[in-house]
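Below is one structure, written out as structure tokens, with a few remarks after it.
The values are calculated or read from the model by the stated rules, or taken from the named source; none is laboratory data. Here the structure is a predicted model, which is why all the values come from computation and not from measurement. For neighbour counting, all protein chains shown are included, and Cβ atoms are generated from backbone atoms with ideal geometry for every residue, glycine included.
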Amino acid sequence: MNDRLNTIVDLKRYPIHDLNSPIIKNLVKKCKEELDLYSCSTIPNFILPKSLEVMNSELEKQLDEVYMSKESINAYLYAKDDPSLPEKHPKRNFMERYNGYLNSDCFPKNSEMKYLYETEELLKFVSACLGISPIYRWADPLACHAYNVMKPDGILPWHFDSCEFTLSLMIQKPEKGGIFEYCPNIRAPGNENFDEVKKVLEGDRSRVRQLKLEPGDLQIFKGRFTLHRVTKVEGQKSRYMCIPAYVLDPYRVNTPEHSKAIYGKVLPIHIERNQARSDGLTD
């Protein structure tokens, strides 16, 4: 057993280091069924309380390095309008975004979250839950395991992720609001399903599901194929979330436009690897 992992994850309850254990086999089965149906599965109290305190402390020591930004974006994370499209096209529906990130390259070398993300145990467990192999850690040096910070009045509108799969680990919940909402499997490779996306953006809630996470909970999520948002944070307490990411293509990183807008800078790797996605979806 990995000694440090044993101080981060509740391995007695979730022995992810042993994929052949009956406990994990049953958990993997449950997660895969939920992911197939709802594109989302939650594992409560995955992180031990003491480790959660360490992660919270790590983030709060570096709050001055968080890149906060506010802009109007569409569901594909772009701020620029395209007048060539019909007026009511989803790509022309712009919504307010106000949140920030502690970029992955800011994490100290001995970071609790960085260590967990880089373990083979977590990678193999997530792969098993998805029923997809291989998957890869995201090569984007700014976004691969960033902390998402939503201050009071922060909001993250309807959008799709650039990476296929995301883990959401709640570090600190707000006093009120900051609720995760999602529309499972609303698009698929080669099928943007603009008509259904348009309905959601215009207020149709027939496909919308809600998820209330508690600190220490781990969510596995198919973020590239599922429209999702976080409602406005209310009260005086910020919402802290870590979002480790996994991909099907080990070469892929964020586009330069996304990296600049969301993480505050563009690195050479974002320019070198900027190319159309093989799944045919807007990135």
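Points to keep in mind about this one:
- Exactly one residue among 142, 156, 167, 102 is out of contact with any Pro (no Cβ under 9 Å at 6 or more places or on another chain), among the hydrophobic types (A, V, I, L, M, F, W, C) and closer than 27 Å to residue 200 by Cβ, and that residue is 156.
- Residue within segment 203-213 that is over 30 Å from residue 53 (Cα atoms), among the aliphatic types (A, V, I, L, M) and not in a loop (DSSP other than H, G, I, E, B) present: no
- Hey, residue 140 at pLDDT 95 or above, outside any helix (DSSP H, G or I), of a type outside the set (Gly, Ala, Ser) and within 20 Å of residue 36 (Cα to Cα) or not: no
- Test: residue in segment 150-160 that is in contact (Cβ under 8 Å) with a residue 40 or more places away in the chain, aliphatic (A, V, I, L, M) and buried (at least 22 other Cβ atoms within 10 Å of the Cβ): yes
- Residue list for segment 12-55, filter: of a type in the set (Gly, Ala, Ser) and closer than 20 Å to residue 119 by Cβ: 21, 41, 51
- Residue in segment 240-247 that is under 30 Å from residue 120 (Cβ atoms) and over 11 Å from the mean Cα position of the chain (by Cα) present: yes
- Total residues in segment 115-136, condition among the basic types (Lys, Arg) and either buried (at least 17 other Cβ atoms within 10 Å of the Cβ) or on the phi > 0 side of the Ramachandran plot (or both): 0
- Search result, residues across segment 267-279 that are in a loop (DSSP other than H, G, I, E, B) and either among the hydrophobic types (A, V, I, L, M, F, W, C) or under 16 Å from residue 77 (Cα atoms) (or both): 267, 274, 276, 277
- Selection within segment 162-183 - within 15 Å of the chain's Cα centre (by Cα) and surrounded by fewer than 20 Cβ atoms within 10 Å (Cβ to Cβ): 179, 181
- Take the conditions (1) within 18 Å of the chain's Cα centre (by Cα); (2) under 20 Å from residue 228 (Cβ atoms); (3) touching a residue at least 24 places away in the same chain (Cβ under 8 Å); residue 56 misses just one of them, which is (2).
- Boolean, residue 259 is in a loop (DSSP other than H, G, I, E, B), in contact (Cβ under 8 Å) with a residue 40 or more places away in the chain, in contact with a helix residue (DSSP H, G or I) (Cβ under 8 Å, 6 or more places away or on another chain) and among the hydroxyl-bearing types (Ser, Thr, Tyr): no
- Selection within segment 151-167 - in contact with a Gly (Cβ under 9 Å, 6 or more places away or on another chain) and under 22 Å from residue 45 (Cβ atoms): 165, 166
- For residue 228: the one exception among (1) assigned to a strand (DSSP E or B); (2) at positive phi: (2)
- Meets criteria (touching a residue at least 40 places away in the same chain (Cβ under 8 Å), touching a strand residue (DSSP E or B) at 6+ places or on another chain (Cβ under 9 Å) and crowded, with 22+ Cβ neighbours inside 10 Å) for residue 218: yes
- Evaluating residue 79 against the criteria (1) of a type in the set (A, V, I, L, M, F, W, C); (2) modelled with pLDDT under 95; (3) under 17 Å from the mean Cα position of the chain (by Cα) leaves one unmet condition, (3).
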